[in-house]
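What follows is a single structure, written as structure tokens, with notes after it.
Read-outs: derived from the displayed coordinates by stated rules, not from any lab. What you see is a predicted model; the values in this text were computed from it and never measured. Counting neighbours? That spans all protein chains shown, and the Cβs are built from the backbone with ideal geometry, glycine included.
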Amino acid sequence: MFKNVIDQLNEKKFSRRSFIKWSSAVTAPVVIGGLVKESSLVEKVKAAEPAKASTEQILSTCSTINCGGRCFIRAHINDGVITRLSTDTKEDTFEMPQLRACIRGRGYRQFVYNPDRLKYPMKRVGKRGEGKFERISWDEAIEYIAKELTRITQKYGPASRYSNYATGHSGSIIGAGNMVQRLLALTGGYLGYHNSYSSAQTSVATPYTYGTTQTGSTLNTLSDSKLIILWGHNPVETRWGLTDYYVRKAKEAGVKIVVIDPRQSDTAAGLADEWIPIVPTTDNALMDAMTYVIITDHLYDKSFVDKYCLGFDEEHMPEGVPEGESLVSYILGKKDGVAKTPEWAEKICKVPAATIRKLAREYATNKPSALLQGWGPQRQAFGEQFVRGGTVLAAITGNVGIKGGWASGSGYTNLVKTTAVPKGDNPLGNLTIPCFLWTDAIVKGKEMGVKEGVKGLPEGQEKLPSNIKAMFNLAGNALINQHSDSNKTAEILRDESLLELIVVSDVFMTPSAKFADILLPSNTFMERWDIGTTWAPSQHAILSQKCIESMYESKSDYEWLTMLAKKLGVENEFTEGRTQLDWVKWSIEESRKKDPNFPTFEEFKKMGIYQVSLENNTVVAFEKEINDPANHKFATPSGKIEIFSKDLWDMNNPDEIPAIPKYVPSWEGPQDPLTKKYPLQLIGWHYKRRCHSTFDNNKWLEEAGPQVMWMNIHDAQERKIKDGDKVRIFNDRGEIQMPVKLTNRVIPGTVAIPQGAWWAPDSKGIDQRGNINTLTTQRPSALAKGNPQHTNLVEVKRI
Amino acid sequence: MNIENNQISSEEHQLLEGRLKFYQFLQLLLRMPITIKIFNEIKEKGYIEGLREFDQSGQMVHDFFYSENLEESIQMARQDFFGLFVGPEALLAPPWESVYRSKEKALFDFPTFEVRDLYSQYGLEVKKKEHHHDEADDHIVYELEFMLQLIERSIGEHDSDKRKSLLKGQQRMLKEHLLKWVPRFSTDIQNHGTSKLFIGLGALVNDFISFDDQLVEDLLRSQDQPENRLSEC
């Protein structure tokens, strides 16, 4: 009876009649016979026992992705599965704030349990970059790498081996990049790098003023300020340790907050009393004009500059420099005839002269005031000038070395110091290139010398001995995505006669991973041991505890590098007999030698965090140098704050590397003739939903922060572009197609694309996701040879 | 309960055998990338001709096994297998129930625990290896494995209460799990597969589980209502 019903139900698909017919024709036990060795479900060891009521285990950990927050994470584990995450719940106090997770930290479960994780080692089978891979075993992968590495080393020498700058596993004691350098050091050496993609210009420029990059104070001092200027600083999205928290506390304490930024960032919208929009690359025009007001209104701290500074006026200049090179001479236009007045600056930076006067007076008269620089504006063609300009403003107003002031510049200070696993000595000495110039070192390394930023060349050797031939890109996306000019980079990587080996390890198939010859599945921070620290100014370290076993066939970089070390015959030297957990314990003991308050392993495991209370631990940068100058000189050649740097003067390139900070009209800036062809400036920013490029594939975070370009309504109207339209953004280097958001939160003439989206070129090479680096240039900044990724000219058109 | 009712009818037996074989067939193809050895084995013993009667999907799978260019077809099917289920690219048809049914679209969500519980009720668990992370319990291969192990047991089971319990387990897996996500999973396979094998198989797996749901319902009914025994229909 019911048989007919079924037949009707499945009339067009399955009928019982045909099913039985098929079944009886199939030879039993058929299909399984001999093919599947074992079944995947087995008899339960203990017969069905009722689930215990509370078997939940809670392990604390933190990510070791290079995140500005480094929040505290508690993994709730049930039956081997992380079922949910919680975060810091201790009492939230001014001296010991909670290390709560933002949306990035809340999304870690989806990071670890994302179905798209790399699961097995892979070997490229198609052309490089084409994305065709075949699964191989770990042994095969290690065998291949060892063989190729040995061949390349024999043919080109150890200086042909390079580990690319990467931040997917960093801010920790066992960073992936450091570990591969450790192995390369043990097997002949390697070409190293200096700088970073985050802070090249500020790390290089800040010491020309102060002799150090340690210019930060503890953040509690912000509440002692009368005015805080956040210049291109967006801690509400980046978090920057606990900077967002302490700026909020300062606001609650009544401190006025001004944000200078081409965009009304979330920080400007959420915390600022005043947002001053500025044209990108023209920060120093505003700084020069502020200096003009401060000098001509006699608001500078005369006794401070006389006592502590070099180069303010002609009376305080180093020997051997001609007349007219001091700051005052430049600002008043003694030599070039151009006084750097607010009216002069307004034409360049589009900040009204009245606003400039008001800001300068407010900053100079409300002592102490804190001028904090973000790292965005230093990632421009003349970012070094931005850095130096900020430090000079702090110095002439006497805001250095006092509580509530701020020295400006890079802003490091660390209350908690961890001990990293040593990289060991590179047999090639400190032979390094600026990390941004690795593509040059692939194409024409043998033409690169001191002028190109190479450091550590041995006596009598003018150029690098070899081009880069073997590339390790572990836990990083700067092999293409985060490096400039994606199309040019791709062309270099695709050429198999240039790099002869590319080894990539990662958690996902990133745009960089697509260019691997050997692609290795990395585990995540939840699957290994480490210790995480945060962006400075910092006051905490977190034990990054292993919570679950490595998924699929993934391994930590340390684990597979140990396999490679064994193959290369240096396993004992590489590991010194230690696992990652052993290194963590070793690191803790080393740290305890210097800081007896550093917790023991057991204590650390129990508490999860080592956080130093700011009560009685306030640091004010350069306090000693200011209070006791006789015994504490600045670490500069003159022992003073160098407004004028003789070292920079001696470089003899005053147009691009002036000895005092100056506004240098930027290539691809608003005054570049190229604006006729590409009239819009393009900048990026660190978006709250990503840590650099990590989490771009997190679907939750995509809902929280979709990838859209910001454009001012005025610029859009001229181009007949409507909100939500998909637009073409292009210049000579490439093209992106992505949706646009029309807003008055970005200055007219500038468009902004949140950086870190995964480059997704279509068959014509047009990026369909919105990776800003499709349009950025590989031309480095003048002094640091850093990445100028916020200096770009483009045009935008409706599709 | 009388002895007569405890015996399994020949048609019931035949249906159970058929179901077992079909689940084995599906599971094998979803479990590992096809090789020439598997291809030959299936072609030889799997009565591929018979698949043609299972609508277009069966026809597609059949055509795959009679492809003109064998090597190219197998290569395409292998590429599909990695692209759909393994990677390294973002998966086009992630083979886990949690991905389709959880808000987070990630692994190890509530379906993992639900099926783990169900396996446990029938004395089963995912095979564990020390110092290795376990594969998620709601992977399609495990859910199909659960079906075929319970079917296998039903065949050998002479106690009608136990047999009924085994059928209930199969019904729960179908209604509470497979039917709730395989339709979307199947659509992804069909949309993103490029080989005849997977475009066909994607549809076939979906068609089959809804067909099997009916079969299990009938089988269960026949346990309760001897007058409706399949053999008497």
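I'd like the distance separating the alpha-carbon centroids of the stretch A:582-618 and the stretch A:337-416, in whole Å.
One Cα centre to the other: 36 Å.
Let me make sure I get this right: for the stretch B:131-233, a, b and c are the square roots of the gyration tensor eigenvalues over alpha carbons, sorted descending. Under 1.5 in a/c it's rounded, otherwise prolate if a/b > b/c, else oblate. Which is it?
Oblate, because a/c is 1.5 or more while a/b does not exceed b/c.
Using a 10 Å cut-off on Cβ to Cβ distances, tally the other chain neighbours for every residue of B:198-207 and report the average as a whole number.
The shielding value for this peptide is 1.
On a 0 to 90 degree scale, rounded to 10, what angle separates helix B:55-65 from the longest Cα axis of chain B?
With both axes taken from Cα atoms, the answer is about 60 degrees.
Between rounded, prolate and oblate, where does the stretch B:7-232 land on the alpha carbon gyration tensor, with a ≥ b ≥ c its root eigenvalues, rounded for a/c under 1.5, else prolate if a/b exceeds b/c?
oblate
Using the Karplus curve 6.51 cos²θ - 1.76 cosθ + 1.60 with θ = phi - 60°, what ³J(HN,Hα) values do you get for each residue of the stretch A:755-772, in whole Hz, with x for Gly and Pro?
6, x, 5, 7, 3, 9, x, 7, 5, 9, x, 8, 6, 9, 10, x, 8, 4
Over 23 Å between C-alpha atoms is what I'm after, so list which of A:Lys155/A:Lys446; A:Lys249/A:Lys358; A:Lys44/B:Lys129; A:Lys764/A:Lys797 land there.
Table pairs above 23 Å Cα-Cα are A:Lys249/A:Lys358.
Cα centroid distance between the stretch A:487-515 and the stretch A:553-574, in Å?
22
Could you tell me the ratio Rg/Rh of chain A? Both radii from Cα atoms, Rh via Kirkwood.
In chain A, Rg relative to Rh is 1.01.
Other chains' Cβ within 10 Å of A:76-88 residues: what's the mean?
2
Arranged by the count of other C-beta atoms within 10 angstrom, fewest first, what order do A:Ser63, A:Ser223 take?
With the sparsest Cβ surroundings first, the list reads A:Ser223, A:Ser63.
Provide the FRET efficiency to the nearest 0.05 for the A:Glu602-B:His158 pair, computing r from the beta carbons and using R0 = 56 Å.
Given R0 = 56 Å and the Cβ-Cβ separation, E is 0.45.
Note the angle between two axes, namely the Cα long axis of helix B:36-45 and the longest principal axis of the Cα atoms of chain B, as a number of degrees from 0 to 90, rounded to the nearest 10.
40
Determine, from the Cβ-Cβ distance of A:Lys488 and A:Thr743 and an R0 of 25 Å, the FRET efficiency 1/(1 + (r/R0)^6), rounded to the nearest 0.05.
0.20
Counting partner chain Cβ atoms within 10 Å of every residue's Cβ in B:211-223, what's the average? All intermediate terms of the calculation are to be shown ahead of the outcome.
Working: counts 8, 2, 0, 7, 5, 0, 2, 5, 0, 0, 1, 1, 0.
Average neighbour count from other chains, rounded to a whole number: 2.
Highest mean first, how do A:767-777, A:140-150, A:679-689, B:76-86 rank when packing is the count of other Cβ atoms within 10 Å averaged over residues?
In descending order of packing, they fall as A:767-777, A:679-689, B:76-86, A:140-150.
Can you list residues from other chains, or at least 5 along the same chain, whose modelled amide H is less than 5 Å from the amide H of A:Tyr300?
Close amide H contacts, sequence-distant or interchain: none at all.
What distance in nm lies between label points placed 7 Å from Cα along the C-beta direction at A:Ala339 and B:Glu72?
8.1
Can you grab the distance from the C-alpha centre of the stretch B:13-65 to the C-alpha centre of the stretch A:205-257, Å, no decimals?
Each part's Cα centre sits 67 Å from the other's.
Go through B:174-181, B:12-19 and give me the packing order, highest mean Cβ count within 10 Å leading. Don't jump to the answer; show the numbers that get you there.
Values: B:174-181: 18.1, B:12-19: 20.8.
My ranking of the peptides, most packed first, is B:12-19, B:174-181.
Have a look at the DSSP beta bridges in chain A and tell me what percent are antiparallel, nearest 5.
Taking every DSSP beta bridge within chain A, about 50 percent pair in antiparallel fashion.
Per q in 0.19 1/Å, what log10 I(q)/I(0) does a Debye calculation on the alpha-carbon atoms of the stretch A:673-798 return?
The computed values of log10 I(q)/I(0) come out as -1.08.
Take the Cβ-Cβ distance between A:Lys594 and A:Asp650 as r, set R0 to 45 Å, and report the resulting FRET efficiency rounded to the nearest 0.05.
Between A:Lys594 and A:Asp650 the formula returns 0.75.
May I ask for the angle, rounded to the nearest 10°, between helix B:160-172 and the longest principal axis of chain B, with both axes built from Cα atoms and the value confined to 0 to 90°?
That helix lies at roughly 30 degrees to the long axis.
Quick one: if you stick a label point 7 Å off each Cα along the C-beta vector at A:Asn627 and A:Lys347, how many nm between them?
About 4.8 nm separates the two model spin labels.
Please identify which residues in the stretch A:509-523 have an amide N closer than 17 Å to a label point set 7 Å out from the Cα of A:Trp138, following the Cα→Cβ vector.
A:519-523
Excluding same-chain residues fewer than 8 positions from A:Lys606, which lysines have a Cα within less than 17 Å of its Cα?
Within the straight-line limit of under 17 Å, A:Lys606 reaches these lysines: A:Lys90, A:Lys546, A:Lys585.
7 Å from Cα along Cα→Cβ at both B:Lys127 and A:Glu56: what's the point-to-point distance in nm?
It is 3.4 nm.
Using a Gaussian network model of chain B with C-alpha springs under 10 Å, which one of B:Gly123, B:Gly156, B:Gly202 is most mobile by mean-square fluctuation?
Top of the fluctuation ranking is B:Gly123.
Need the full-extension length gain, A:Gln461 to A:His298, defined as separation in residues times 0.36 nm minus the C-alpha distance. One decimal, nm.
Values: separation 163, 0.36 × 163 = 58.68 nm, distance 5.19 nm.
Stretched out fully, the A:Gln461 to A:His298 stretch lengthens by 53.5 nm.
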